[in-house]
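Pasting a structure below so you can have a look.
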Amino acid sequence: MTNAIPLCDATACVQAGCTATVCRGLGIPSNQLVFERSARAIPGGVNSSIRAFKAVGGTPYIVSWANGAYVYDVEGNELIDLVQSYGAIILGHAHPKVTEAIRSAAGDGTSYGAPTPREMKLAEAIAERVPSCERVRFMNSGTEATSTAVRLARGATGRKRIVTFHGNFHGATDALLAAGGSGIATLGLPGTAGVPEEAVANTWVLPYNVVPTLDEDVAAVFVEPVAANMGLVAPVPGFLEGLRAECDRVGALLVFDEVITGFRLGTGGAQGKYDIRPDLTCFGKVIGGGLPIGAVGGRKDIMENLTPLGSVFHAGTLAGNPLATAAGLAALNELTDDVYMELSARTRHVASMLRDACASAGIDAIFPVVGTLAGMYFGNALGGKTPTNFQEACTTSEETYAKVFHALLSAGVALAPGAYESLFVGLAHTDEVVTQLAERVAVGLQGINR
Ligand SMILES: *Cc1c(COP(=O)(O)O)cnc(C)c1O
């Protein structure tokens, strides 16, 4: 039935005024048509649930291509992109060094089923920058990283219990879907269908920013050291230190999920910023330069429980992929301490610009910033206080978020289509782009119907 949906061909497209650089000869004219056609091939038309716009309503923009700070949809609309692949992109889209690294790696073949120097170099680059990562094992997504870390922690300690925190998100892995942030928070569900009780029977979900008292059943505490999947919630002073001490007291492993914060907050991630040494760290997003990747790094004695040295199984046909490791290495090579300083300044600038714009438009909003990360909360339920946990984060007005989202989208600015995501400012958001962003935001918010 796919063919029943009309799509103009490239010629008709050009006749209709569509330029070849925009549609790239695909001859596909509208977001709506592509989305409908996708939905006949892909459940809900998307490969990651949030992309379907369920939380904000309307039809997703379908990206045709992207460059730097901009994404272009199939209709040719230019959007200043504050999604940046939910943080996987930090240098901007199609960064020349990353693109060249991928091109050059692709010419050497794309996967072999044998070790490569590229994966060695990326593992060394991570270990050099993040001292807790004495060994690093690669996989293909952040989800695979957290699920491997769960198995490794249980295998290494001989214990079952996993502790997580409300509003932290650790990917789509059963044991960590007892309650979640991203997606799950948007849907307002306690978990998800398809995860049997048994799969989460050993998972405790506790309030963020409160150091729990653990017992000797606990294999590991999983935490987003800066919570970036419930808006943006900073760890209160003493929280991460307290977790470290409590894990040490009962012999549990402390696992930092740095899938977002790793190489985003700084060369040493959140653990560098707060000077806490976790036992294991999960990575994803930035370390792949925009290609699929995940990694677990950590203490040598724990990591060596993984097969082939130990008895905790791990394998992956595409793990340590030559393209992903080449792209990741190219990205990490650009990310110096100076770059993060610059990026923090820009993030603060964007957040304060948005705060001022909302204030002038009479919209109650809070834009917390932690280094290079920013979040957004709407409404005044907390009297202007910044949320410190999931319950407080959930007081944000999803209705206002949806209005602001659509107002900005119409003005040429892309936010994530969900009220609990972070804002991702990258190196491509130059002063000129931020000036243009401010203009578009002002125009967008003018038309908002409160
Ligand atoms: C994105 C994310 C994940 C999951 O990574 P995927 O690559 O999407 O599987 C895990 N943890 C955190 C903190 C994330 O933000």
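When you go through Ile42, Ile62 one by one, which is the residue that is β-branched (Val, Ile, Thr), buried (at least 19 other Cβ atoms within 10 Å of the Cβ) and modelled with pLDDT of 95 or more?
Ile62
Is it the case that some residue within region 47-55 is within 20 Å of the chain's Cα centre (by Cα) and among the β-branched types (Val, Ile, Thr)?
Narrowing region 47-55 to residues within 20 Å of the chain's Cα centre (by Cα): 47-55.
Among the residues that remain, those that are also among the β-branched types (Val, Ile, Thr) are: 50.
Yes, that holds for at least one residue.
Okay, next question. Can you work out which of the residues in region 329-388 that are in a helix (DSSP H, G or I) and of a type in the set (Lys, Arg) is most open to solvent (accessible area, probe 1.4 Å)?
Among those residues, the one meeting the criterion is Arg348.
Residues that are open to solvent by 40 Å² or more (accessible area, probe 1.4 Å), over 24 Å from the mean Cα position of the chain (by Cα) and modelled with pLDDT of 95 or more: does region 7-14 have at least one?
no
Name the residues in region 241-265 that are within 29 Å of Gly379 (Cα to Cα) and either away from the ligand (no atom under 14 Å from the Cβ) or of a type in the set (Ser, Thr, Tyr) (or both), would you?
The answer is Thr261, and nothing else.
Can you name every residue in region 266-300 that is within 10 Å of the ligand (Cβ to nearest atom) and crowded, with 24+ Cβ neighbours inside 10 Å?
Cys282, Phe283, Gly284, Lys285, Gly288, Ile293, Gly294
Kindly evaluate Gly57 against the criterion of being surrounded by 15 or more Cβ atoms within 10 Å (Cβ to Cβ) and modelled with pLDDT of 95 or more.
Taking the combined requirement at face value, the residue does not satisfy it.
Can you tell which of Val425, Val434 is touching a strand residue (DSSP E or B) at 6+ places or on another chain (Cβ under 8 Å), touching a residue at least 40 places away in the same chain (Cβ under 8 Å), of a type in the set (A, V, I, L, M, F, W, C) and open to solvent by less than 10 Å² (accessible area, probe 1.4 Å)?
Numbers: Val434 fails: touching a strand residue (DSSP E or B) at 6+ places or on another chain (Cβ under 8 Å).
So the residue among Val425, Val434 that is touching a strand residue (DSSP E or B) at 6+ places or on another chain (Cβ under 8 Å), touching a residue at least 40 places away in the same chain (Cβ under 8 Å), of a type in the set (A, V, I, L, M, F, W, C) and open to solvent by less than 10 Å² (accessible area, probe 1.4 Å) is Val425.
Looking for something open to solvent by less than 60 Å² (accessible area, probe 1.4 Å), of a type in the set (Lys, Arg) and at negative phi - is there at least one such residue anywhere in region 125-134? Can you show your working first?
The initial filter retains those residues of region 125-134 that are open to solvent by less than 60 Å² (accessible area, probe 1.4 Å), namely 125-127, 129-130, 132-133.
Okay, now just the ones that are also of a type in the set (Lys, Arg), so 129.
Cutting the leftovers down to at negative phi gives us 129.
Yes, some residue in region 125-134 is open to solvent by less than 60 Å² (accessible area, probe 1.4 Å), of a type in the set (Lys, Arg) and at negative phi.
In region 116-126, is there at least one residue being under 26 Å from Arg346 (Cβ atoms), part of a helix (DSSP H, G or I) and not aromatic (Phe, Trp, Tyr)?
Step one: of region 116-126, the residues under 26 Å from Arg346 (Cβ atoms) are 125-126.
From what's left, part of a helix (DSSP H, G or I): 125-126.
Keeping just the survivors that are not aromatic (Phe, Trp, Tyr) gives 125-126.
Yes, that holds for at least one residue.
Sort out which residues of region 429-450 are closer than 17 Å to Ala351 by Cβ and in a loop (DSSP other than H, G, I, E, B), and write them in order of number.
Listed by number, the residues that qualify are His429, Thr430.
So which residues in region 91-102 are over 21 Å from the mean Cα position of the chain (by Cα) and more than 20 Å from Ser64 (Cβ to Cβ)?
Listed by number, the residues that qualify are Lys97, Glu100, Ala101.
Moving on. For region 143-172: of the residues being open to solvent by 20 Å² or more (accessible area, probe 1.4 Å), more than 14 Å from the chain's Cα centre (by Cα) and of a type in the set (S, T, N, Q), which is nearest to the ligand (Cβ to nearest atom)?
In this case the residue turns out to be Ser147.
Here are Gly418, Gly447: which of them is open to solvent by 60 Å² or more (accessible area, probe 1.4 Å) and touching a helix residue (DSSP H, G or I) at 6+ places or on another chain (Cβ under 8 Å)?
Exactly one residue qualifies, and that residue is Gly447.
Going through Glu36, Glu75 one at a time, which residue ends up being part of a loop (DSSP other than H, G, I, E, B) and open to solvent by 30 Å² or more (accessible area, probe 1.4 Å)?
The match here is Glu75.
The values are calculated or read from the model by the stated rules, or taken from the named source; none is laboratory data. Note that the coordinates shown come from a computational prediction; the quantities given were computed from them, not determined experimentally. Cβ coordinates were reconstructed from backbone atoms using ideal geometry, including for glycine residues, and neighbour counts include every protein chain displayed. Heads up: the accessible areas ignore ligands, DNA and RNA and are worked out on the full protein's heavy atoms, side chains in. Shrake-Rupley method; radii C 1.70, N 1.55, O 1.52, S 1.80 Å.
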